[in-house]
1. Give the range 49-78 a look and list any residue that's away from the ligand (no atom under 16 Å from the Cβ), open to solvent by less than 10 Å² (accessible area, probe 1.4 Å) and either within 13 Å of the chain's Cα centre (by Cα) or closer than 18 Å to M97 by Cβ (or both), or say none.
2. Of everything in the range 29-48, what is more than 16 Å from the ligand (Cβ to nearest atom) and either open to solvent by less than 70 Å² (accessible area, probe 1.4 Å) or on the phi > 0 side of the Ramachandran plot (or both)? Give them in sequence order.
3. Among residues belonging to the range 6-28 that are open to solvent by 50 Å² or more (accessible area, probe 1.4 Å) and in contact with a strand residue (DSSP E or B) (Cβ under 6 Å, 6 or more places away or on another chain), point out the one that is farthest from Q63 (Cα to Cα).
4. Would you confirm whether or not the range 135-142 contains a residue that is at pLDDT below 90 and more than 16 Å from the ligand (Cβ to nearest atom)?
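The values are calculated or read from the model by the stated rules, or taken from the named source; none is laboratory data. Only a predicted model underlies this, so the values are computations on that prediction, with no experimental measurement involved. Cβ atoms come from the backbone with ideal geometry, glycine included; neighbour counts cover every protein chain shown. Note: areas computed on protein heavy atoms with side chains; ligands, DNA, RNA excluded. Shrake-Rupley method; radii C 1.70, N 1.55, O 1.52, S 1.80 Å.
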Amino acid sequence: MSGLEDLYREIILDHYKNPRNQGELPTPPAVVEQGHNPLCGDEVFVYIEMDGDTIADIKIGGQGCSISRSSASMMSTAVKGKNSEEVHELIHRFKAMMSVEEERPGHEGEADLKEFGELAALQGVVKFPVRIKCATLAWNTLNQALERVQQAG
Ligand code: ZN
């Protein structure tokens, strides 16, 4: 297992050092939502630009720890080009993966990890409950941004 943990650590570090989709988008047409995790001091700005029901573009701003930054970077690559239903499903499944292990029935989560691709790297954070909010911050913020889009539309 240590080989896998090393791989996961490398993926997280790679996204932290080379964050994908970093920057801003002009608002409008994009919408922006700010998220804050006072436990750690992480701050994130999620910009999304919709094309109909699809996230045509996404940019990530703000600052925070390696877990919050790499999670936001991975999220941006995972949701770009997906429609809101697919994104809501992914948000739901990601947050389920990041819930405390004892709350997950059986071992169904292990099979699911393959579908997550790089995002599975963040599952190790569950061992450190104080960091879970770091990993879920960008996802909650994206969810709020999508709600904002729906209210406007
Ligand atoms: Zn953090």
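1. I58, S76 - these are the residues of the range 49-78 that are away from the ligand (no atom under 16 Å from the Cβ), open to solvent by less than 10 Å² (accessible area, probe 1.4 Å) and either within 13 Å of the chain's Cα centre (by Cα) or closer than 18 Å to M97 by Cβ (or both).
2. First pass over the range 29-48, keeping only residues more than 16 Å from the ligand (Cβ to nearest atom): 29-33, 47-48.
Within the range 29-48, A30, V31, V32, E33, Y47, I48 meet the criteria.
3. E24
4. Scanning the range 135-142 turns up no residue that is at pLDDT below 90 and more than 16 Å from the ligand (Cβ to nearest atom).
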